[in-house]
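J.: Dropping a structure here in structure tokens format, bear with me for questions.
The values are calculated or read from the model by the stated rules, or taken from the named source; none is laboratory data. This structure is a prediction, so every number in the text was calculated from the model and none was measured. Methodologically, a virtual Cβ is constructed for each residue, glycine included, from the backbone with ideal geometry; neighbour enumeration extends over all protein chains shown.
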Amino acid sequence: MVSFFLKKISVKKPANNDICHVSNKNNDKKIIFAVNNTKEILNKKGVLLVNLGSPDSTSIPDIRKYLDEFLMDERVIDMPYLKRFLLVKGIILNFRPKKTAAAYKKVWLKEGSPLVVLSEKFYDKLQKKVRIPVALGMRYGSMSIEKGIGELLKKGVTEIFLIPLYPHYAMSSFETVVVKTEEILQKKHPEVKLSVLPPFFDHKEYIAAMVENIKKHLGTTTFDHILFSYHGIPERHILKSDTTKSHCKIDGTCCETRSKAHETCYRHQCFETTKAIAAALNLKQGTYSDSFQSRLLKDPWLKPYTDFELIRLAENGVKNLAVITPSFVTDCLETLEEIAMEGKKEFLHAGGENFQHIPCLNDDETWVNTMASWINDHRN
């Protein structure tokens with residue numbers, strides 16, 4: 001059974017460009033609550049799934065609009081507003097939309113954005129397996145969190161169970177979803193209660209779904225190495241998310257030393273996911289490794305960088321490489337274009353021979369059943 005953050009979530013507003021921390025009224029303890037299993041009560045509960053988001057099309061104006069909202073988020077580019085405004089609107093949005101549009105065109109589906117299409121397939125399957133209303137929203141873009149909340153309220157929901165579709169805690173992913181949802185509810189629907197599914201990076205059912213997915217796509221193929229490529233974040237985000245303000249050093253020891261800081265440490269949680277999957281697959285040391293992709297700007301980000309690792313592994317004799325992207329539960333631009341296309345080119349150009357990108361969980365039946373079981377645990 002999964003434990004959840006419950007009841008009203010309190011959010012500390014950022015001060016001095018620091019992050020806000022999500023807590024509950026029970027001293028940060030994760031607890032289970034129960035309700036009477038009646039139709040009246042069930043109809044009051046609803047689930048809001050939230051993923052990253054996507055532009056409405058591959059047109060440069062739509063790309064620019066999406067990037068503007070995304071990059072102006074203070075938890076993505078965490079600098080004072082004026083500096084962020086000048087950087088995003090004065091520099092980035094003048095050159096990046098064209099490049100990003102070209103990348104999206106490579107992966108865009110007939111039905112639309114891969115992230116949106118696959119998220120909707122997951123949502124459709126999930127709704128059929130649970131007895132309470134489910135809505136899908138995105139942190140950025142036209143399929144907004146506010147629209148998702150509106151769909152639930154139309155169905156009489158008075159308690160929302162928020163599920164950020166991110167296995168790991170980061171201020172630029174999990175936290176910004178929670179904060180945005182809370183802000184909307186406080187401003188427009190203060191009577192609605194909110195509970196949040198915490199990061200599930202090491203939950204046994206999530207790990208089991210990941211392992212099954214890997215086995216399904218690798219089949220009997222033999223690989224020299226498996227690279228776990230996680231979405232990158234700036235190193236300063238790790239330090240800002242350290243609730244102890246002293247534990248995280250981003251060295252070879254802090255992630256291995258037990259600390260309360262690990263509850264909000266993206267780096268530690270990524271490493272724990274890798275360990276759990278590697279153990280379940282009986283992978284030998286040296287046959288797998290971690291890396292971080294999708295850098296932005298010139299600030300130091302978590303290392304090693306995926307693009308560098310792809311070249312290093314090939315140059316060191318790895319001929320057959322499989323790459324998995326555990327920080328994404330849904331395939332998107334970063335997995336389909338950056339890894340499956342561009343990453344493959346880099347590896348093969350450096351001397352590798354076989355490259356396989358393992359798809360995300362997407363609407364995999366085991367993953368759908370896992371999420372349904374978490375929702376049912378919460379409901380009961």
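J.: With (1) surrounded by fewer than 17 Cβ atoms within 10 Å (Cβ to Cβ); (2) of a type in the set (S, T, N, Q); (3) under 22 Å from Pro359 (Cβ atoms) as the list, and Ser142 as the residue in question, which single condition is left unmet?
T.: So the condition that Ser142 fails would be (3).
J.: Follow-up question, since we're still on this one. Considering segment 133-155 alone, what residues qualify as being touching an Asp or Glu at 6+ places or on another chain (Cβ under 9 Å), over 20 Å from Leu67 (Cβ atoms) and outside any strand (DSSP E or B)?
T.: Pro133, the sole residue that qualifies.
J.: Going by the conditions given, is Tyr230 crowded, with 23+ Cβ neighbours inside 10 Å, closer than 25 Å to Tyr140 by Cα and in contact with a Pro (Cβ under 9 Å, 6 or more places away or on another chain)?
T.: Details: crowded, with 23+ Cβ neighbours inside 10 Å: yes; closer than 25 Å to Tyr140 by Cα: yes; in contact with a Pro (Cβ under 9 Å, 6 or more places away or on another chain): yes.
It is true that Tyr230 is crowded, with 23+ Cβ neighbours inside 10 Å, closer than 25 Å to Tyr140 by Cα and in contact with a Pro (Cβ under 9 Å, 6 or more places away or on another chain).
J.: Quickly run through segment 88-119 and pick out the residues that are surrounded by fewer than 17 Cβ atoms within 10 Å (Cβ to Cβ) and either in contact (Cβ under 8 Å) with a residue 24 or more places away in the chain or not basic (Lys, Arg) (or both).
T.: Filtering segment 88-119 down to residues surrounded by fewer than 17 Cβ atoms within 10 Å (Cβ to Cβ) leaves 89-91, 94-96, 98-99, 102, 105-106, 109-112.
Across segment 88-119, the qualifying residues are Gly90, Ile91, Asn94, Phe95, Arg96, Lys98, Ala102, Lys105, Lys106, Leu109, Glu111, Gly112.
J.: Is it fair to say Ala372 is touching a Lys or Arg at 6+ places or on another chain (Cβ under 7 Å), closer than 22 Å to Lys121 by Cβ and small (Gly, Ala, Ser)? Walk me through it before giving the result.
T.: Working: touching a Lys or Arg at 6+ places or on another chain (Cβ under 7 Å): yes; closer than 22 Å to Lys121 by Cβ: yes; small (Gly, Ala, Ser): yes.
It is true that Ala372 is touching a Lys or Arg at 6+ places or on another chain (Cβ under 7 Å), closer than 22 Å to Lys121 by Cβ and small (Gly, Ala, Ser).
J.: Quick check on segment 168-188. Is at least one of its residues of a type in the set (A, V, I, L, M, F, W, C), surrounded by fewer than 20 Cβ atoms within 10 Å (Cβ to Cβ), over 17 Å from Asp364 (Cβ atoms) and in the same structural domain as Ile77 (by TED's automatic domain parsing)?
T.: At the first step, the residues of segment 168-188 found to be of a type in the set (A, V, I, L, M, F, W, C) are 170-171, 174, 177-179, 184-185.
Applying the additional criterion that residues be surrounded by fewer than 20 Cβ atoms within 10 Å (Cβ to Cβ) yields 184.
From the residues that got through so far, the ones that are over 17 Å from Asp364 (Cβ atoms) too are 184.
Next cut, in the same structural domain as Ile77 (by TED's automatic domain parsing) only: 184.
Yes, some residue in segment 168-188 is of a type in the set (A, V, I, L, M, F, W, C), surrounded by fewer than 20 Cβ atoms within 10 Å (Cβ to Cβ), over 17 Å from Asp364 (Cβ atoms) and in the same structural domain as Ile77 (by TED's automatic domain parsing).
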